[in-house]
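Values quoted throughout were computed directly from the atomic coordinates according to the rules given, and no laboratory measurement underlies them. Keep in mind the model is a prediction, meaning the values are calculated, not measured. Positions of Cβ are generated from backbone atoms using ideal geometry, with glycine treated the same way; all protein chains shown enter the neighbour counts.
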Amino acid sequence: MQAIKQQLNNAFEQVMISVSGLPTCNANVVTASKPEFGDYQVNGVMAIAKQMKCSPRELAQQVVDCISTQALGLIGRLEVAGPGFINVHIAGPFLLEQSNNILTDPSSFIRSAEISQKIAVDYSSPNLAKEMHVGHLRGTIIGDCLVRVLEKLGHHVIRQNHVGDWGTQFGMLITHLRELQTENNNTNLQLADLEVFYRDAKTRFDEDAEFASKSRLSVVKLQSGEAEYVRAWEMFINESLKHCETVYDKLGVTLTRSDLDSESRYNDDLPQVIADLDSAQLLSQSDGANCVFLNAFKGKNGELLPLIVQKTDGGYLYATTDLAAIRLRMSQQIHRSLYVVDARQSLHFQQVFAVARKAEFVDNSLSLEHIAYGTIMGKDGRPFRTRSGESIKLIDLLDEAVKQAHRLVREKNPNLNPDEMVHVANCVGIGAVKYADLSKNRTSDYVFDFDTMLSFEGNTAPYLLYAGARIHSLLSKAAGSGDIGRKILEIGEPAERALLVKNLQLPEVVHAVAMDCYPNQLCSFLYELAGLFMRFYEECPILRSTGETMASRLALAQLTVHTLEQGMDLLGIESLEKM
Ligand code: ARG
């Protein structure tokens, strides 16, 4: 179905244009903030009245009088309210018809966007010298949700896992490896623990000047393609990717090797990026490094901030690779390029985007968007780390979540058989971690706390999973006792109506997430949906009712579980029929 909000915006905008004579109008339809205000509110009349210097209430009344008969199928009742709002009550028959269409053909629920766009999503993007740590959690799961939402709307999504696989760190690893190999006379040294290996190499790099200079030399040898160095590098990359894939697998994240868009891919383009910045007259030297200074970026004392694109020793930087990647995306005729990356890199992206525009690497056909997210904090109010202050491996965090979920599920439902128990614990544990993250406004920091995220109360994954399982159990009981409703026939009680209207709002929420990239909107929607179901369940007897009422209520329960599961799937969370 076409989102109701969209339909209302279209209908009201047409009328507002014809009433006001203005070339464009924004109806600004929002979901009503209180049930007394109807289902939706048209907020845009006031701004138009101000422009036309007329009374907003009178203008609102005129709009109401002129609303097209076509829109009247959708609209049950309108009233002018307050300083010039229009309250919209959706028509009952429309609600019934729409929901029954969805029950007959669930795939018709979320319609594709009018224009299918080509959208690159850069997400997860760990550095491959180490294992993924907790700092990669948010980018990985927010990106995964956005990719699911955009694909659901029929966009052509290009997943780009822009992994860090180049630079000094690899020189360090290779040097350390070569020395161990010589010491142990073993050319086939296995990497038992990449993390420990990295830590040892890093300590030596920081403490031993000779090791450090050997490491820099190794980078040069790697960059010039010396076979032994390239082989060692490939071994590290391969090992590291295996770790990433275990994490992706556990998280149910859809990234594969074919989505890799590694930094090293751009090596050959980097000299050209510098040359092009130079011919665009954007390069300046600062302490021997090549930099771009733009007036828009100033430090605290008003001094211009550099974007460094080439070091004194000729080496290229993170920014250079990003500029090369932007050019590639431009040549692929992409409409939007989303970078799901930590907010601490905001300045980097603002600078890179601005330089790319200034250098004409991109034009306005490509929208560059930094989808920034905040930091995961520990209960001590500091960035989340182990007790000894080290970064927490993502894999350990996920295993711990599943372990805690297992304990919880065993307590709540000891009758599940062992296989079911493992499956449920997995869904609850992983779902809880993902949902805790997705349900927060992504730009804020949040405190990582297993107890809160695994709670069965509040806006959590277990609460939503439980609501779904409860509906399934209701439906299977009804199936045993006879007729399962396939059609909603009546909207009797206010609780019934509220639940029905909420169900039908999924498409507009999904469109909003695709546009602004805030998955927490979808989480809030699902939480409200589950809450309205619980209210409906308490206020409207289902299995104790009879005939059409029972059939109709069962159909509403069926619709609700479908909406809930569709929404969870878009978040990347697996639903449960039993828990
Ligand atoms: N590898 C980087 C990190 O771990 C993130 C890369 C983000 N993507 C990009 N195009 N810069 O911080």
Q: With only alpha-carbon atoms counted, please give the Rg and Dmax of the chain, in Å.
A: 28.1, 90
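Can you divide the C-alpha Rg of the range 324-431 by 2.2 N^0.38 Å and report the result to two decimal places? Could you put the intermediate results ahead of the total?
Values: Rg = 21.6 Å, N = 108, 2.2 N^0.38 = 13.0 Å.
Computed over Cα atoms of the range 324-431, the ratio equals 1.66.
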Q.
Show me the three semi-axes of the equivalent ellipsoid for the range 195-334, from the C-alpha gyration tensor (sqrt of 5 times each eigenvalue), largest first, rounded to whole Å.
A. 30, 23, 17
Q: Go ahead and estimate [θ] at 222 nm for the chain from helices alone: -39,500 (n - 2.57) per DSSP H run with n ≥ 4, summed, over the residue count, rounded to 500.
A: -17000 deg cm²/dmol
Q | Under 5 Å, built H, 5+ apart or other chain: amide partners of I371 | A | Y339, V340, V341
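Over 20 Å between C-alpha atoms is what I'm after, so list which of K412/K578; K5/K487; K393/K578; K130/K202 land there. Spell out each step's value before the answer.
Working: K412/K578 12 Å; K5/K487 24 Å; K393/K578 31 Å; K130/K202 11 Å.
With Cα atoms farther than 20 Å apart: K5/K487; K393/K578.
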**Q.** Residue-span extension gain [L305 to S33] - 0.36 nm each, minus C-alpha spacing
**A.** 93.5 nm
Q: Multiply the residue separation of E539 and N415 by 0.36 nm, subtract the distance between their alpha-carbon atoms, and state the gained length in nm to one decimal.
A: 41.7 nm
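May I ask for the net charge around V247, where only other residues with Cβ less than 12 Å from the Cβ of V247 are counted and Lys, Arg are +1 while Asp, Glu are -1? Don't skip to the end; give the middle numbers.
Details: positive: K242, K250, K393; negative: E131, D144, E245, D249, D396, D399.
Taking every Cβ under 12 Å from that of V247, the sum is -3.
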Q) Using θ = phi - 60° and the Karplus curve 6.51 cos²θ - 1.76 cosθ + 1.60, what whole-Hz ³J(HN,Hα) does each residue of the range 270-282 get, with Gly and Pro shown as x? A) 4, x, 5, 4, 5, 4, 6, 5, 5, 5, 7, 6, 9
(Q) Explain nothing, just compute: Karplus ³J(HN,Hα) = 6.51 cos²θ - 1.76 cosθ + 1.60, θ = phi - 60°, for every residue of the range 446-460 in order, whole Hz, x for Gly and Pro. (A) 8, 8, 7, 8, 4, 4, 5, 6, 9, 6, 8, 10, x, 7, 10
Q.
With +1 assigned to the C-beta of every Lys and Arg and -1 to the C-beta of every Asp and Glu, and no other charges, what is the dipole magnitude of the chain about the Cα centre in debye, to the nearest 20?
A. 960
Q.
Highest mean first, how do 531-542, 436-447, 499-510 rank when packing is the count of other Cβ atoms within 10 Å averaged over residues?
A. 499-510, 436-447, 531-542
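Hand me the chymotrypsin sites (Phe, Trp or Tyr not before Pro) from the range 57-122 located in a DSSP loop with no more than 14 other Cβ atoms within 10 Å, in residue order please.
Working: sites: F85, F94, F109; in loops: F109.
For chymotrypsin sites (Phe, Trp or Tyr not before Pro) across the range 57-122 that sit outside H, G, I, E and B with at most 14 neighbouring Cβ atoms in 10 Å, the list is empty.
Starting from the Cα gyration tensor of the range 415-544, take the square roots of the eigenvalues, sort them a ≥ b ≥ c, and report rounded, prolate or oblate (rounded when a/c is under 1.5, otherwise prolate if a/b is larger than b/c, else oblate). Mind showing how you got there, number by number?
Working: a/c = 2.31, a/b = 1.26, b/c = 1.83.
Because a/c hits 1.5 or more and a/b fails to exceed b/c, the range 415-544 counts as oblate.
Can you tally the net charge around R344? Count Lys and Arg as +1, Asp and Glu as -1, for every other residue whose Cβ sits under 12 Å from the Cβ of R344.
Values: positive: R138; negative: D342, D445.
Local charge sum for R344: -1.
Give the dimensionless ratio obtained when the Cα radius of gyration of the range 68-225 is divided by 2.2 N^0.38 Å.
Numbers: Rg = 28.9 Å, N = 158, 2.2 N^0.38 = 15.1 Å.
Cα Rg divided by the expected 2.2 N^0.38 Å: 1.92.
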Q: Provide the gained length on full extension for the span H156 to R407, in nm with one decimal, where the gain is 0.36 nm per separating residue minus the Cα-Cα distance.
A: 86.2 nm
Q. Which ³J(HN,Hα) values, rounded to whole Hz and listed in residue order, are derived for the range 90-102 from phi using the Karplus coefficients 6.51, -1.76 and 1.60 in 6.51 cos²θ - 1.76 cosθ + 1.60 with θ = phi - 60°, glycine and proline given as x?
A. 6, 6, x, x, 5, 4, 5, 4, 4, 5, 6, 4, 5
